[in-house]
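Engineer: Handing you a structure now.
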Amino acid sequence: MMLEVQRHAAAIIGRVLAGHSLDAEFARSAHTRMAWTASERGALQDICYGTLRFLGRIDAMLEALLDRPLRDEKLRGLLRVALYQIEYTRAAPYAIVDHAVNACGRIGQTPARGLVNAVLRNFVRRRTAITGAAERSEGARFSHPQWWIDKLRDQYPEQYAAILNASNLRPPLTLRVNRRRTDPDAYLRQLAASGVAAERIGESAIRLATPTPVERIPGFADGLVSVQDAGAQRAAELIDLADCQRVLDACAAPGGKLTHMCELADVDLLALDSDTTRLERVRNNLGRLGLHARVACGDACAPETWWDGRSFDRILVDVPCSGSGVVRRHPDIKWLRRASDIARFADVQCRMLDALWRLLASGGKLLYGTCSVFREENDLQVAQFLERHRNACHVSLPGADINQNQPPGQLLPDDRHDGFFYALLQKQ
C-alpha cells in the first residue's frame, strides 16, 4: 500500500504545481483514501506537505542527479517524493527506491524503471555530496522562490534568513481555551490527566508538545478548546472589546477570530463572508463552542448590498492577503504565488478598508489584520490609508514595539506562532 501512497502523493504534487491548492487537492481526492489506514493517510499528508516545504532543495538535488532535463512531469513528481522520503523521513531507502521503481508502471512509465532506480540509488550513495552542492543555491538553501527571498532581504535585511527558515518548520499545534467553559490552568490539568504534554504560551493559548488529531484532543468535541495559532489569537485580544458593542467581522470564515471575540465579550456580532460554503464552517464552529453570532453572506467591498445603516463600534478586517506568514501550514502558497500577486492583494485590501471605514462609528476602532510578512500588505498599506483618511489615527498596540527591527504590529514567524500583522485604527 505504501507504493500507492507514494504514487498518490506524486499525483497531488503535480496538480498543485499546475496551479491547484493543496487543501483543494486533498479534499478532491478524499474519497479515494476512505479505505486507507490512519497511518497511510498520515504518510500521504507528510509526503505532500514535506515535498512542497522543501521543494527548492529537492529540485536542486534532482537536477544534480540527472544527465539531461526530465520532461515527463509524472516521472518528475515521483522522483521528487522519493527524494523527500529518503532525505527527510525514517523510511528505509531501499524500500523507497523499490516502491518508486514499481510505481513507474502505475503512472505509465514502465520504461523509466531503470532511470528511477539509477537516480535514487545514486542519491543514496552520494547523498552528502549532492545535498552539500544544493546548499550553495539560495533557492535550494531556503526552499523559497528567488523573488520571495529577494523581497524579504530588502524588507528585513537582518531577519530575512530567520523568517525563511521559520517558514520551513513544521507548525506547532496550538489550542485556544474557550474561557466561557473553562480556563487555561484548569485545561492544562485536564491535558496532564489525559497524558497530553502541553504548555501555556499566551492569554488563552496552549501549545501541545506533539500535534494530535482534533478527535483525540480532550474536550475539543465539547467546545472547551479550538485549534488556533497563537499569533491569530492576538486579533480578538487587540480589538478592545466590551459588552454590548456592535461588532463586525468582515471576513469571518472559517470563524477562529470571530468565535474568540464571542468568548471574550457579550457583543452583538455580525459574521460576514463572501463564501457560502466557508460560512457553514462558521456556523459549525459557533455551534460546537456554544456561541452565537449573526451570519451573513456578502462582499466586504460592497457594504450597500448587506449593511443596515447602523454603525459598528468595532470592525475586524482580516483581509485577503498573500498568506506569506503562514506558508509552513500551507507550503503550496510559496510556489503558487507570483511577485505580481502582491499588488493585486494590496488593491483589494485598499478598497476593503475604504469601504468599511464609513461603517465605523465615531470613536470606534477598526483592527486591520493580515497573515502576511510583506510590507506592501501591512504597514505600508496602513500608512497609505492614514494619508487618505484624516479622521483616522493609529492606536499603539501592547507589545508591538518589542523588536525595533520590524514594523510595529508585525509578528514574524517563529517556533511559537506564524507571521501576522495587526494595526488598530480609531475614527476621530
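Engineer: Which condition does residue 79 not pass, out of (1) over 30 Å from residue 407 (Cα atoms); (2) not in a helix (DSSP H, G or I); (3) not basic (Lys, Arg), if it passes all the others?
Structural biologist: (2)
Okay, residues lined up against (1) at pLDDT below 95; (2) among the hydrophobic types (A, V, I, L, M, F, W, C):
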| position | (1), (2) |
| --- | --- |
| 152 | no, yes |
| 168 | no, no |
| 179 | no, no |
| 183 | no, no |
| 196 | no, yes |
| 199 | no, no |
| 212 | yes, no |
| 215 | yes, no |
| 218 | no, no |
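Engineer: Filter region 268-283 down to the residues that are without any contact (Cβ under 8 Å) to a residue 24 or more places away in the chain and among the polar types (S, T, N, Q) and list them by number.
Structural biologist: 276, 277, listed by residue number.
Conditions tested, residue by residue: (1) crowded, with 19+ Cβ neighbours inside 10 Å; (2) outside any helix (DSSP H, G or I); (3) of a type outside the set (D, E, K, R); (4) modelled with pLDDT of 95 or more.
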site: 13; (1), (2), (3), (4): yes, no, yes, yes
site: 27; (1), (2), (3), (4): no, no, yes, no
site: 35; (1), (2), (3), (4): no, yes, yes, no
site: 43; (1), (2), (3), (4): yes, no, yes, no
site: 61; (1), (2), (3), (4): yes, no, yes, yes
site: 68; (1), (2), (3), (4): no, yes, no, no
site: 83; (1), (2), (3), (4): yes, no, yes, yes
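Engineer: Given the criteria touching a residue at least 60 places away in the same chain (Cβ under 8 Å) and over 28 Å from residue 416 (Cβ atoms), does residue 238 qualify?
Structural biologist: So residue 238 fails the test.
Engineer: Next question, about the same structure. I'd like to verify a number: residues in region 86-109 that are outside any helix (DSSP H, G or I) and either at positive phi or not charged (D, E, K, R) (or both), how many?
Structural biologist: 6
Engineer: Has region 237-256 got any residue that is assigned to a helix (DSSP H, G or I) and either outside the structural domain of residue 366 (by TED's automatic domain parsing) or out of contact with any Phe, Trp or Tyr (no Cβ under 9 Å at 6 or more places or on another chain) (or both)?
Structural biologist: Yes, region 237-256 contains at least one residue that is assigned to a helix (DSSP H, G or I) and either outside the structural domain of residue 366 (by TED's automatic domain parsing) or out of contact with any Phe, Trp or Tyr (no Cβ under 9 Å at 6 or more places or on another chain) (or both).
Engineer: Another question about this same structure. Restricting the search to region 1-11, which residues are surrounded by 15 or more Cβ atoms within 10 Å (Cβ to Cβ) and of a type in the set (A, V, I, L, M)?
Structural biologist: Correct list: 2, 3, 5, 9, 10, 11.
Engineer: Still on this structure, I have one more. What residue, of 419, 369, 364, 409, is of a type in the set (Gly, Ala, Ser) and either over 22 Å from the mean Cα position of the chain (by Cα) or more than 21 Å from residue 232 (Cα to Cα) (or both)?
Structural biologist: Going through 419, 369, 364, 409 in turn, just one is of a type in the set (Gly, Ala, Ser) and either over 22 Å from the mean Cα position of the chain (by Cα) or more than 21 Å from residue 232 (Cα to Cα) (or both): 364.
Engineer: Sticking with this one: Six or more apart or on different chains, Cβ atoms under 6 Å: show the pairs whose first residue is in region 189-217 and under 20 Å from residue 257 (Cα atoms) and whose second is hydroxyl-bearing (Ser, Thr, Tyr) and surrounded by 11 or more Cβ atoms within 10 Å (Cβ to Cβ).
Structural biologist: Note: pairs meeting the criteria are 205/174; 207/174.
Engineer: Among the residues that make up region 97-105, is at least one of them closer than 21 Å to residue 50 by Cα, in the same structural domain as residue 73 (by TED's automatic domain parsing) and either touching a Ser or Thr at 6+ places or on another chain (Cβ under 6 Å) or loosely packed, with under 15 Cβ neighbours inside 10 Å (or both)?
Structural biologist: No.
Engineer: Looking at (1) on the phi < 0 side of the Ramachandran plot; (2) in contact (Cβ under 8 Å) with a residue 24 or more places away in the chain, which is the only condition residue 153 fails?
Structural biologist: Against the list (1) on the phi < 0 side of the Ramachandran plot; (2) in contact (Cβ under 8 Å) with a residue 24 or more places away in the chain, residue 153 comes up short only on (2).
The values are calculated or read from the model by the stated rules, or taken from the named source; none is laboratory data. What you are looking at is a predicted structure, and each value in this text was computed from that prediction instead of being measured. Cβ: placed from backbone, ideal geometry, glycine included. Neighbour counts: every protein chain shown.
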